1. Can you tell me how many residues within the stretch 121-153 are more than 14 Å from the ligand (Cβ to nearest atom), of a type in the set (Asp, Glu) and either assigned to a strand (DSSP E or B) or surrounded by 13 or more Cβ atoms within 10 Å (Cβ to Cβ) (or both)?
2. With farther than 26 Å from residue 9 by Cα and touching a residue at least 40 places away in the same chain (Cβ under 8 Å) as the only criterion, which of 140, 241 stands out?
3. Residue by residue through the stretch 74-96, note down the ones that are of a type in the set (D, E, K, R) and assigned to a loop (DSSP other than H, G, I, E, B).
4. State whether the residues of the stretch 163-182 include one that is farther than 21 Å from residue 37 by Cα, charged (D, E, K, R) and surrounded by fewer than 19 Cβ atoms within 10 Å (Cβ to Cβ).
5. Can you spot a residue in the stretch 45-66 that is among the small types (Gly, Ala, Ser) and more than 20 Å from residue 105 (Cα to Cα)?
6. Would you tally the residues in the stretch 199-216 being charged (D, E, K, R) and more than 10 Å from the ligand (Cβ to nearest atom)?
7. Could you list, in sequence order, the residues of the stretch 201-248 that are touching a strand residue (DSSP E or B) at 6+ places or on another chain (Cβ under 6 Å) and either at pLDDT below 95 or not in a loop (DSSP other than H, G, I, E, B) (or both)?
8. Kindly check whether there is at least one residue in the stretch 217-234 that is within 16 Å of the ligand (Cβ to nearest atom), over 24 Å from residue 73 (Cβ atoms) and touching a Lys or Arg at 6+ places or on another chain (Cβ under 6 Å).
Amino acid sequence: MSLQPVIGITTQTLEAVPGELPRCWVMSQRYVDVLTQVGAIPWVIPLTRDMAMLREIYERLDGVFLPGGVDMDPQQYGESRMPACGVTDPDRDRVEVALVRWAMEERKPVLAVCRGVQVLNVAAGGTLYQDLAEWCDAAIKHDYWPNEPRQRQDLVHEVLVEPQTQLASIMGEGRSTVNSMHHQGIKRLAPGLVVNARASDGLIEGVEGQVDDGFLLGVQWHPEELVESIPEARRLFEAFISSSASYQIDAVPR
Ligand code: MN
């Protein structure tokens with residue numbers, strides 16, 4: 001019998017009124033809604049410092065979803081912090097890096113968006129641009145922060161999906177137009193990961209594992225905002241859930 005796959009969704013620390021209100025762990029409802037729409041049982045994950053407990057949670061997941069969020073602490077990739085690096089959340093970094101590394105060891109499915117693809121690259125041994133001002137003179141604009149008249153689902157730049165990648169098998173290869181709400185990006189690609197999409201300025205916009213790595217895939221844009229308007233965006237989530245359901249069936253009975 002196949003059950004709906006349980007998908008872990010990481011959170012972010014929120015301290016709405018420092019010193020007055022308790023610290024919280026929060027995540028956008030959008031991710032939970034979209035994953036639920038395509039058949040997941042969502043499990044919102046606390047940023048616990050108890051790694052044994054985190055492992056217990058991990059063992060019960062059929063897939064790991066890494067959402068967007070604040071910047072990664074450059075310490076995670078061995079660099080000192082530059083002024084342009086934004087707010088960080090060390091508890092989130094630690095939990096997400098651990099979850100990705102465990103999932104990579106066991107080929108448990110991982111889907112990562114925006115900050116998530118950056119976490120995936122760092123967890124696998126790569127580095128990031130702390131700010132895309134470091135990137136290149138011909139850089140296109142990537143930081144379309146939502147405000148009037150901009151919305152999160154606005155398609156603002158092209159990406160080229162590389163042929164013969166898992167992403168191409170889901171979305172189709174070639175040009176696609178995506179939303180873009182990031183000021184950091186992948187600098188050095190992690191060993192073992194493959195680029196599956198690039199922006200027109202050459203910036204890496206997506207990575208995935210090798211053929212034998214199962215579903216290990218991240219994109220720099222926000223497909224969760226596009227599931228109603230672009231069938232390819234929905235197919236990305238469906239493919240992740242389908243792989244997570246297969247992983248559950250194939251897994252040793254627990
Ligand atoms: Mn972009």
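The values are calculated or read from the model by the stated rules, or taken from the named source; none is laboratory data. Since the model is a prediction, treat every value here as computed from it, not as a measurement. Cβ: placed from backbone, ideal geometry, glycine included. Neighbour counts: every protein chain shown.
1. Residues flagged as more than 14 Å from the ligand (Cβ to nearest atom), of a type in the set (Asp, Glu) and either assigned to a strand (DSSP E or B) or surrounded by 13 or more Cβ atoms within 10 Å (Cβ to Cβ) (or both) within the stretch 121-153 amount to 1.
2. Values: 241 fails: farther than 26 Å from residue 9 by Cα.
Just one listed residue meets the conditions, 140.
3. So the first thing to find is which residues in the stretch 74-96 are of a type in the set (D, E, K, R), and the list is 79, 81, 89, 91-94, 96.
Selection gives 79, 81, 89.
4. Yes, the conditions are met somewhere in the stretch 163-182.
5. Here is the first cut: in the stretch 45-66, the ones among the small types (Gly, Ala, Ser) are 52, 63.
Those left that are additionally more than 20 Å from residue 105 (Cα to Cα): none.
There is no residue in the stretch 45-66 that is among the small types (Gly, Ala, Ser) and more than 20 Å from residue 105 (Cα to Cα).
6. Quick first cut of the stretch 199-216, residues charged (D, E, K, R) only: 201, 205, 208, 212-213.
Then drop every residue that is not more than 10 Å from the ligand (Cβ to nearest atom), which leaves 208, 212-213.
Qualifying residue count, the stretch 199-216: 3.
7. Selection gives 204, 205, 206, 207, 208, 216, 217, 218, 219, 240, 244.
8. yes
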